[in-house]
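What follows draws every value from the coordinates through simple rules; no lab data is involved. These figures come from a predicted structure and were not determined experimentally. No Cβ is skipped: glycine too gets one built from the backbone with ideal geometry, and neighbour counts run over all protein chains shown.
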Amino acid sequence: MNSQSESSTQRPADETAAIEVKDLTFRWDKHQPALTFPDLRLPQGEHLFLHGPSGTGKSTFLSLLAGMLPPATGSISLLGTAIQKLGAGKRDRFRADHIGVIFQQFNLVPYLTTEANVTLPCRLSRTRKASTGETPASSAHRLLTALAIPESHWQRKVTQLSIGQQQRIAAARALIGAPEIILADEPTSALDSDNRDRFINLLLTLAEERNTSVLFVSHDRSLAQRFHHQIQLGQVPA
Ligand code: ADP
Ligand code: MG
């Protein structure tokens, strides 16, 4: 992946990449220099570790990949679909069906319980619901147990949980219903080392079982060795 020459190579149709990005740039503000992103091609089932100093655009990159921001230039293809060519409704559906996102700020729904936050993707997507292979609640319970969230917390509002627990709820919500792509933005930033290791082991075990592609952003480079590939985002623009 991630080589310039590869993009000009003809690939067989059955080798649809999970993520393919070309010539991608984004501007938050027309007076600021554009953020530029490396071309990359992540095959299905492979795991990429993305690191770089704060402010280099890691979170912006994930928002572009999730179809939540429109690129200034370039193209993004997920599972063979050019997401910026979809209308807003179809893009939302595509995200709900195929992508689990762990946001840097979690984006949990504050008035919902732990369990309702985790099962939310199954209410938004029949595909995700069907992929649990059981009820959304029992799938949520398995994920929460694997992430060491005690049963006494499952029916509590998420705002009553600690930050480290909320981050694990966000992780369980991304994993439920086996989306083909997981985008994780500093998903272990609030976790102690036991919970960090528990989460990474669960993520990579489930990803292996389900042939999930993972793009994992972190500044903790000691984690990089767990992933198939790593790239660094460049310098903060002047
Ligand atoms: P990272 O995740 O690598 O720390 P970000 O993607 O959050 O980087 O930010 C990259 C740049 O984009 C920074 O200069 C930041 O100030 C700017 N930026 C991020 N989010 C916004 C926003 N909502 N509005 C304006 N500028 C933003
Ligand atoms: Mg960030």
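Ser54 meets each of the listed conditions (1) assigned to a helix (DSSP H, G or I); (2) near ligand 1 (Cβ under 9 Å from one of its atoms) apart from (1).
For the criterion of being buried (at least 18 other Cβ atoms within 10 Å of the Cβ), in a helix (DSSP H, G or I) and charged (D, E, K, R), Asp97 passes. Of all the residues in the stretch 189-226, those that are closer than 19 Å to Ile99 by Cα and either surrounded by 14 or more Cβ atoms within 10 Å (Cβ to Cβ) or within 13 Å of ligand 1 (Cβ to nearest atom) (or both) number 15.
Select from the stretch 27-47 the residues that are over 21 Å from Ala96 (Cα atoms) and under 19 Å from the mean Cα position of the chain (by Cα) and write down the one among them that is nearest to ligand 1 (Cβ to nearest atom). Result: Phe37. Filter the stretch 22-52 for residues that are surrounded by 15 or more Cβ atoms within 10 Å (Cβ to Cβ) and acidic (Asp, Glu); which is nearest to Arg210 (Cα to Cα)? Across the stretch 22-52, the extreme among qualifying residues is Glu46.
Scanning the stretch 79-100 for residues that are aliphatic (A, V, I, L, M) and either more than 22 Å from Val217 (Cα to Cα) or in contact with a Ser or Thr (Cβ under 9 Å, 6 or more places away or on another chain) (or both) returns Leu79, Ala82, Ile83, Leu86, Ala88, Ala96.
Within the stretch 153-188, the residues that satisfy the criterion of being part of a loop (DSSP other than H, G, I, E, B), in contact with a strand residue (DSSP E or B) (Cβ under 6 Å, 6 or more places away or on another chain) and either of a type in the set (A, V, I, L, M, F, W, C) or crowded, with 24+ Cβ neighbours inside 10 Å (or both) are Pro179, Pro187. Evaluation of Arg142 against the conditions (1) touching a residue at least 12 places away in the same chain (Cβ under 8 Å); (2) of a type outside the set (Ser, Thr, Tyr); (3) in a helix (DSSP H, G or I) shows that the sole unmet condition is (1).
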